[in-house]
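Chemist: Just dropping this structure here.
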Amino acid sequence: MSLKLNSNLEDPDGFYEYLVSSQRHMSDDEANRMNARLVLILCNQVGNMETLKTAIDFAADPKAIVA
């Protein structure tokens, strides 16, 4: 399964700003827990184990993925 490595967001800057602003009032630990919950929620939305494994491998070592 190949990953979409080009931007697939309509408004990537807006998404990033919303994510950052949602954590402004949080401690680092609270923000880390929120990020972990968000990852699990988004993994559930993807739903495909091979896609998730490929994404995990890419996140761990971007140079290991050959397009």
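Chemist: Could you tell me which residue out of Ser22, Met34, Val46 lies farthest along the dipole of the chain toward its positive end? Charges go on the beta carbon: Lys and Arg +1, Asp and Glu -1, centred on the Cα centre.
Modeler: Val46
Chemist: Per DSSP H run of at least 4 residues, take -39500 (n - 2.57); add these up for the chain, divide by its residues and hand me the 222 nm value, nearest 500 deg cm²/dmol.
Modeler: That comes out to -21000 deg cm²/dmol.
Chemist: Compute, for the chain, the length of the dipole vector about the Cα centre, with Cβ point charges of +1 (Lys, Arg) and -1 (Asp, Glu) only. Units Debye, rounded to 20.
Modeler: Dipole magnitude for the chain comes out near 200 debye.
Chemist: Helix 28-46: angle to the longest alpha-carbon principal axis of the chain, degrees 0 to 90, nearest 10?
Modeler: Once rounded, one gets 40 degrees.
Chemist: Can I ask one more? For helix 49-60, report the angle its Cα long axis makes with the longest principal axis of the Cα atoms of the chain; keep it between 0 and 90° and round to the nearest 10°.
Modeler: The two axes meet at around 70 degrees.
No value in this document is a laboratory result; all are computed from the given coordinates. What you are looking at is a predicted structure, and each value in this text was computed from that prediction instead of being measured. Glycine gets a Cβ as well: all are built from the backbone with ideal geometry, and neighbour counts include every protein chain shown.
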